[in-house]
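Following: one structure in structure tokens, then a few remarks.
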Amino acid sequence: MEVYIDGKFYPKEDAKISVFDHGLLYGDGVFEGIRVYDNCIFRLDEHLERLEDSAKAILLRLPWTREEIALATVESCRRNGIRNGYIRLVVTRGVGDLGLSPSNCKAPSIIIIADTIKLYPPETYTNGMKLITVPTPRTSHAALPPAVKSLNYLNNILAKIEGQLHGYNEVLMLNDQGYIAECSADNFFVVRKGVLYTPAVHAGPLRGITRAVVLEIAAKLGVTVSETNLTRYDAWTADECFLTGSGAEIVPVIEIDGRVIGTGKPGEITGKILKSFRSKVTKEGRIIEAAPAKKAPAAKARKK
Ligand code: PXG
């Protein structure tokens, strides 16, 4: 495997950054997690737009154009033969001094890892998943806007650990007002009486790319959509629930905090949305074309 760092490719063992990089010292940086399906980098442009917005929010100026990053991403997949997989795109504040101030960080670094992905077992999609609400609230807009996909994921990691301590792989996180924000690494949806609900962005979820795709799909299917405030009561009493994320895709949720959701089986609308999602992922995004053929050296004139 070869990893892209600041314009060059390195074998996995040599793909290293400085211990003085503020991405490591302070979690000062931003990232994206992107999927590749049948040579299609799903919604790459939307991911790069979010990366730019995250960087802007933390006053990190990206010295690369969107197209430069896109080309490096495509090349990372090509070099590693990734037709289906996962791309981790990381931008760090760069090498600086000890001390919080980024003013001595001369230049940001960009890292692109294109790898295969370990998926949830197929039963997760057919049987659904159980969630539990955890005590750690999602970071508030006032502290660090949760829309920033920053390298500091401790808020989400603590929530994940709290879930795992009780045997749950994914969890519900509330915002500081007690409304549902999202899961530790996924967005959250509820279906009730045929209407699809998801926490509005002001309620504190990440502005998920998969979330946006699901809202588009629902509108196309004629399902009414509402981005709003949701309580745990709304989730417990829903007909269907599911979560969404680039890694998870669309996972039915069949139990929350010990309450069985709907029939206890993945719901009908969830199934329809998942089916439509699977038909989109190989088509909407940046296609990894075969490397441009090297120009064959001009044939030597044959001796007569
Ligand atoms: N909320 C949070 C906090 C996330 O980290 C999502 C929602 C879903 O967003 P997207 O844009 O992916 O639909 C995320 C994304 C991983 C992994 O390695 C995590 C995510 C995505 C891909 C891989 O665990 N989280």
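The values are calculated or read from the model by the stated rules, or taken from the named source; none is laboratory data. Bear in mind the structure is a predicted one, so any value in this text is a computation, not a measurement. Cβ: placed from backbone, ideal geometry, glycine included. Neighbour counts: every protein chain shown. These area figures cover heavy atoms from the full protein model, side chains too; ligands, DNA and RNA do not enter into them. Shrake-Rupley method; radii C 1.70, N 1.55, O 1.52, S 1.80 Å.
Below is a table of values for the structure above.
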{"item": "Residue list for the stretch 11-29, restricted to those being surrounded by fewer than 14 Cβ atoms within 10 Å (Cβ to Cβ) and in a helix (DSSP H, G or I)", "result": "Lys12, Glu13, Asp14"}
{"item": "Sole exception among (1) within 19 Å of Pro266 (Cα to Cα); (2) within 12 Å of the ligand (Cβ to nearest atom) for Ile209, by number", "result": "(1)"}
{"item": "Residue that is nearest to Ile110 (Cα to Cα), among those in the stretch 133-170 that are touching an Asp or Glu at 6+ places or on another chain (Cβ under 7 Å) and open to solvent by less than 40 Å² (accessible area, probe 1.4 Å)", "result": "Lys149"}
{"item": "Search result, residues across the stretch 210-233 that are open to solvent by less than 40 Å² (accessible area, probe 1.4 Å) and among the aliphatic types (A, V, I, L, M)", "result": "Val213, Val214, Leu215, Ile217, Ala218, Val223, Leu230"}
{"item": "Any hit, the stretch 144-162, residues being assigned to a strand (DSSP E or B) and either of a type in the set (Val, Ile, Thr) or within 12 Å of the ligand (Cβ to nearest atom) (or both)", "result": "yes"}
{"item": "Test for Leu119: is it among the aliphatic types (A, V, I, L, M), open to solvent by 10 Å² or more (accessible area, probe 1.4 Å) and outside any strand (DSSP E or B)", "result": "yes"}
{"item": "Residues of the stretch 243-275 satisfying the condition of being in contact with a helix residue (DSSP H, G or I) (Cβ under 9 Å, 6 or more places away or on another chain), assigned to a helix (DSSP H, G or I) and open to solvent by less than 30 Å² (accessible area, probe 1.4 Å)", "result": "Ile273, Leu274"}
{"item": "Members of the stretch 122-132 found to be open to solvent by 60 Å² or more (accessible area, probe 1.4 Å) and closer than 14 Å to Lys265 by Cα, listed by number", "result": "Glu123, Thr126, Asn127, Lys130"}
{"item": "Positions within the stretch 34-50 being more than 12 Å from the ligand (Cβ to nearest atom), assigned to a strand (DSSP E or B) and open to solvent by 10 Å² or more (accessible area, probe 1.4 Å), in sequence order", "result": "Tyr37"}
{"item": "Hey, Leu230 out of contact with any helix residue (DSSP H, G or I) (no Cβ under 8 Å at 6 or more places or on another chain) and under 21 Å from Met129 (Cβ atoms) or not", "result": "no"}
{"item": "For Arg43: the one exception among (1) assigned by TED's automatic domain parsing to the domain that holds Phe188; (2) of a type outside the set (Asp, Glu); (3) on the phi > 0 side of the Ramachandran plot", "result": "(1)"}
{"item": "Among the candidates Val225, Val201, residue that is within 18 Å of the chain's Cα centre (by Cα), modelled with pLDDT of 95 or more and more than 14 Å from Glu268 (Cβ to Cβ)", "result": "Val201"}
{"item": "Flag if Ile209 is in the same structural domain as Trp64 (by TED's automatic domain parsing), touching a helix residue (DSSP H, G or I) at 6+ places or on another chain (Cβ under 8 Å) and over 16 Å from Thr231 (Cβ atoms)", "result": "no"}
{"item": "Residue under evaluation Phe31, criteria (1) more than 16 Å from the ligand (Cβ to nearest atom); (2) within 24 Å of Ile209 (Cα to Cα), criterion not met", "result": "(1)"}
